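Written below as structure tokens is the structure these notes are about.
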Amino acid sequence: MTYLEEKYDIVVVGAGHAGCEAALACARLGLETIIFTVSIESIALMPCNPNIGGSSKGHLVRELDALGGEMGKNIDKTFIQSKMLNESKGPAVHSLRAQADKQSYSQEMRRTLENTEHLTIRQAEVSEIVVDNGKIQGVKTVSGACYYARAVVLATGTYLRARCIYGDVSNHTGPNGLQAANHLTDSLIANGIEMFRFKTGTPARVDKRSIDFSKMEEQFGDDRVVPFSFSTDPDSVQKEQVSCWLTYTNSDTHQIIRENLERSPLFSGVIEGTGPRYCPSIEDKVVKFPDKVRHQVFIEPEGLYTNEMYLSGMSSSLPEDVQYRMYRTVAGLENVKIVRNAYAIEYDCINSRQLLPSLEFKAIEGLFSGGQFNGSSGYEEAAVQGFMAGVNAAMKVMGRKAFVLDRSQAYIGVLIDDLVTKENHEPYRMMTSRAEYRLLLRQDNADIRLREVGYEIGLVSEEDYQHVLWKERAIEDEIRRLEKAPVGANARTQEFLEKHGSTLLKTGASLAELIRRPELDYFLLEELDADRPDLPEDVMEQVNIHIKYEGYLKRQKQQVTQFKKLESKKLDVDFDYSAVKSLRREAVQKLNLYKPVSIGQASRISGVSPADISVLLVYLEQKNRGR
């Protein structure tokens with residue numbers, strides 16, 4: 001029998017948020033790339049929440065954009081509400097979040113893929129990876145067709161042997177009833193890849209016409225929208241926005257849930273997969289927080305094209321009749337009509353410790369992995385991993401050095417380092433608290449941190465790169481001016497300070513000194529600053545942050561210097577740690593299991609103590625002296 005055979009530089013398996021970013025990165029670098037999806041209609045699908053960004057996730061999207069990714073640009077074209085979260089707190093935790101028009105988001109991303117040179121889209125189920133002598137050769141589909149490639153990126157999301165469950169109903173489908181991918185897991189296991197079974201879930205979608213919004217709190221978008229992409233003109237995204245709504249569960253809701261826990265697949269043992277700790281179902285919340293009298297429920301539109309509303313905060317796998325009773329206890333949902341039931345979804349993913357920091361499999365050269373397939377959760381986490389896996393697949397094919405971001409450079413570096421270094425027995429979710437250097441890794445300075453790197457890779461345009469160089473100079477020049485700009489202790493100044501509750505001046509000061517006062521900032525001081533140049537909003541924001549947090553930023557940069565010293569001490573990934581006699585047995589086992597690439601990475605492995613790191617440092621020093 002004759003089967004179809006084709007050759008490409010790179011194969012990408014899966015066209016969700018990870019697969020799209022991987023394929024676009026490879027194709028934009030000039031490599032012939034083919035992306036496989038079980039359904040063309042599922043390209044960049046949002047099967048769960050209808051939004052991009054949020055706490056820490058907004059950081060990921062802006063970093064991805066700074067490197068040359070697509071997600072930020074795509075949501076800027078298709079959002080229906082935008083809001084900057086945590087504005088009452090410090091700039092390190094400010095995070096942008098945008099409600100998406102789901103259909104438009106998917107269609108716009110599909111349009112981008114379809115019009116990208118060197119990129120082929122193929123609807124087919126990949127059933128097998130082809131490996132020869134520890135090196136990837138390509139993939140096969142269920143039809144028997146073989147697609148040879150020099151590198152392969154797996155980005156299967158939640159589709160591998162997927163099962164959607166609520167109550168006693170169990171459907172072997174992917175999200176939203178789409179076809180599952182049921183064949184690839186066996187091939188992966190046959191090639192020595194360790195698999196996990198994870199679980200996630202989604203709430204019901206309900207009919208907008210059946211909601212009483214008068215009993216809810218209206219949630220508005222920002223008056224002035226900040227775009228996700230640094231390439232987007234801020235004026236182009238100022239538009240009329242759609243409202244979201246806030247309501248709460250209550251004691252009646254919780255009582256119904258408790259009375260029906262034995263009917264929940266989560267608690268009856270029907271669901272075997274491990275769920276996300278930081279995005280629990282409403283059943284989990286009620287059980288784990290029994291003293292909490294209510295939980296937030298955000299009512300979010302799925303898009304402008306539909307009346308479907310998403311009940312954020314009430315993910316569930318309870319039976320259909322219980323879902324109706326439970327939802328109808330919530331204020332404003334007394335007569336709600338369900339369009340799509342809430343459900344849990346189980347799927348196969350990998351143990352991510354099998355990956356190098358480049359997201360290449362340690363045991364299979366040329367095979368890369370990204371997205372929820374790596375054991376993470378969330379569109380944003382998926383997208384950045386897909387991008388990094390795609391870039392590194394391209395680097396491999398082009399004979400260039402692997403591209404790795406460390407924990408001091410980006411939230412992306414924190415995310416990937418956590419995945420490949422730590423034991424993850426549940427879906428991983430990014431949080432600001434995971435980043436040690438979060439004052440430096442703000443979402444507002446992602447372009448300054450990462451544009452140059454994206455330019456060096458080849459995914460940032462000359463125009464965007466030159467703009468960020470100009471921006472850096474403009475920030476430095478303005479800070480220098482403010483440090484020297486004098487403010488006298490005259491009547492006008494004293495009146496200004498008194499108005500803003502600030503201590504009066506006894507002698508003259510500089511504008512920078514006044515900006516450092518907690519109650520003042522760069523923007524307020526405009527009326528005392530006659531020589532202020534006309535600068536863009538993002539430049540002024542950076543000036544304010546740099547001056548106001550100067551001491552903290554310097555301290556964190558010193559911490560990064562120490563971190564870099566350990567990261568620079570490289571380890572051989574093939575080294576047998578049992579040769580180091582003074583290491584504890586647990587440390588030897590963990591180090592041989594994870595095969596860290598540096599002393600820094602070794603120090604973050606659970607079970608490896610500071611004393612073990614000291615032993616390793618001494619061993620390395622003695623080894624280097626012996627050369």
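The values are calculated or read from the model by the stated rules, or taken from the named source; none is laboratory data. Quick caveat: nothing in here was measured; it's all calculated off a predicted structure. Counting neighbours? That spans all protein chains shown, and the Cβs are built from the backbone with ideal geometry, glycine included. Heavy atoms of the whole protein, side chains included, go into the accessibility calculation; ligands, DNA and RNA do not. Shrake-Rupley method; radii C 1.70, N 1.55, O 1.52, S 1.80 Å.
Key figures
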{"quantity": "Solvent-accessible area, 1.4 Å probe, carbon plus sulfur percent, for the chain", "calculated": "48 percent"}
{"quantity": "Order of exposure, largest accessible area first, which applies to D572, D101 with probe 1.4 Å", "calculated": "D572, D101"}
{"quantity": "Under Karplus coefficients 6.51, -1.76 and 1.60, residue-wise ³J(HN,Hα) of region 496-512 in Hz, glycine/proline x", "calculated": "4, 5, 5, 4, 9, x, 10, 4, 5, 7, 9, 9, x, 8, 8, 4, 4"}
{"quantity": "Solvent-accessible surface (1.4 angstrom probe) belonging to R161, in square angstrom, nearest 10", "calculated": "100 Å²"}
{"quantity": "Anchor K285: lysines whose Cα lies under 18 Å away (excluding residues fewer than 8 positions away in-chain)", "calculated": "K199"}
{"quantity": "Mean Cα-pair separation over length for region 306-461, i.e. relative contact order, pairs under 8 Å, 6 or more apart, %", "calculated": "17 percent"}
{"quantity": "For region 383-392, Karplus couplings with θ = phi - 60° (6.51, -1.76, 1.60), whole Hz, Gly/Pro x", "calculated": "4, 5, 5, x, 4, 5, 5, x, 4, 6"}
{"quantity": "P(r), alpha carbons of region 1-121 - 5 Å bins starting at zero, rounded %", "calculated": "2, 11, 19, 21, 17, 12, 8, 5, 3, 1, 1, 0, 0, 0"}
{"quantity": "Structure-derived Kirkwood radius over Cα pairs in Å: which label, when the choices are (i) 29.4; (ii) 26.3; (iii) 25.1", "calculated": "(ii)"}
{"quantity": "Interchain or long-range residues, amide H under 5 Å from A100's placed H", "calculated": "N51, I52, I80"}
{"quantity": "Size of charge dipole - the chain - debye, nearest 20, with Cβ of Lys, Arg +1 and Asp, Glu -1, no other charges", "calculated": "2040 debye"}
{"quantity": "Residues of type aspartates and glutamates that K140 reaches as a straight line, Cα spacing below 16 Å, ignoring anything fewer than 8 places off in the same chain", "calculated": "E5, E6, D9, E125, E128, D132, D186"}
{"quantity": "In Hz, Karplus ³J(HN,Hα) per residue of region 422-439 (6.51, -1.76, 1.60; θ = phi - 60°; x = Gly, Pro)", "calculated": "9, 7, 10, 9, 8, x, 7, 10, 6, 9, 4, 5, 7, 8, 5, 10, 5, 5"}
{"quantity": "Overall form of region 172-307 per C-alpha gyration tensor (a/c, 1.5; a/b vs b/c)", "calculated": "oblate"}
{"quantity": "Counted charge near Q466, where neighbours are those whose Cβ lies closer than 15 Å (Asp, Glu -1; Lys, Arg +1)", "calculated": "-4"}
{"quantity": "Charge tally in the Cβ shell below 11 Å around N445, where Lys, Arg are +1 and Asp, Glu are -1, N445 excluded", "calculated": "-1"}
{"quantity": "Anisotropy class of region 312-375 from Cα gyration tensor, a/c 1.5 cut", "calculated": "prolate"}
{"quantity": "Amide N proximity, region 415-458 versus L566 label position 7 Å along Cα-to-Cβ, cut-off under 14 Å", "calculated": "418, 421-422, 436-437"}
{"quantity": "Scattering curve values for region 57-195, log₁₀ I(q)/I(0), Debye with Cα scatterers, q = 0.15 Å⁻¹", "calculated": "-1.04"}
{"quantity": "Accessible area of the chain divided out per residue, in Å², using a probe of 1.4 angstrom", "calculated": "43 Å²"}
{"quantity": "Semi-axis lengths (Å, descending) of the ellipsoid that matches the C-alpha gyration tensor of region 347-407", "calculated": "19, 13, 10"}
{"quantity": "Contact order relative to length of the chain, as percent, for alpha carbon pairs under 8 angstrom and 6 or more apart", "calculated": "16 percent"}
{"quantity": "Exposure ranking of E334, E621 by accessible area [1.4 Å probe, largest first]", "calculated": "E621, E334"}
{"quantity": "Dipole-positive endmost among F220, F198, V242 within the chain (Cβ charges, Cα centre)", "calculated": "F198"}
{"quantity": "Hits among aspartates and glutamates - C-alpha to C-alpha of K288 under 16 Å, sequence gap 8 or more where chains match", "calculated": "E259, E262"}
{"quantity": "Inverse of mean 1/r across different Cα pairs in region 523-627, Kirkwood, Å", "calculated": "17.2 Å"}
{"quantity": "Estimated dipole of region 29-98 in Debye, rounded to 20 [Cβ of Lys and Arg +1, of Asp and Glu -1, Cα centre]", "calculated": "340 debye"}
{"quantity": "Dipole magnitude (debye, nearest 20) for region 399-470, charges at Cβ of Lys, Arg, Asp, Glu", "calculated": "220 debye"}
{"quantity": "Region 478-627, relative contact order in percent, only Cα pairs under 8 angstrom and at least six apart counted", "calculated": "15 percent"}
{"quantity": "Rg over Rh [alpha-carbon atoms, Kirkwood Rh] for region 386-445", "calculated": "1.02"}
{"quantity": "Flagged links, alpha-carbon separation over 27 Å, of K422/K471; K422/K565; K83/K557; K77/K554; K570/K590; K484/K564", "calculated": "K422/K471; K83/K557; K77/K554; K484/K564"}
{"quantity": "Options L583, A602, F230, ranked by Cα towards positive dipole end of the chain, top entry (Cβ charges)", "calculated": "L583"}
{"quantity": "Those residues of region 473-488 whose amide nitrogen sits under 11 Å from the label point placed on H500, 7 Å along Cα→Cβ", "calculated": "none"}
{"quantity": "Formal net charge of residues neighbouring S251 (Cβ-Cβ distance under 15 Å; K, R +1; D, E -1)", "calculated": "+3"}
{"quantity": "Rounded to the nearest 10 Å², the accessible area of L4 at probe 1.4 Å", "calculated": "80 Å²"}
{"quantity": "Lys/Arg +1, Asp/Glu -1 at C-beta; region 370-483 dipole; positive extreme among G375, G458, V414", "calculated": "G375"}
{"quantity": "Rounded to the nearest 10 Å², the accessible area of F220 at probe 1.4 Å", "calculated": "120 Å²"}
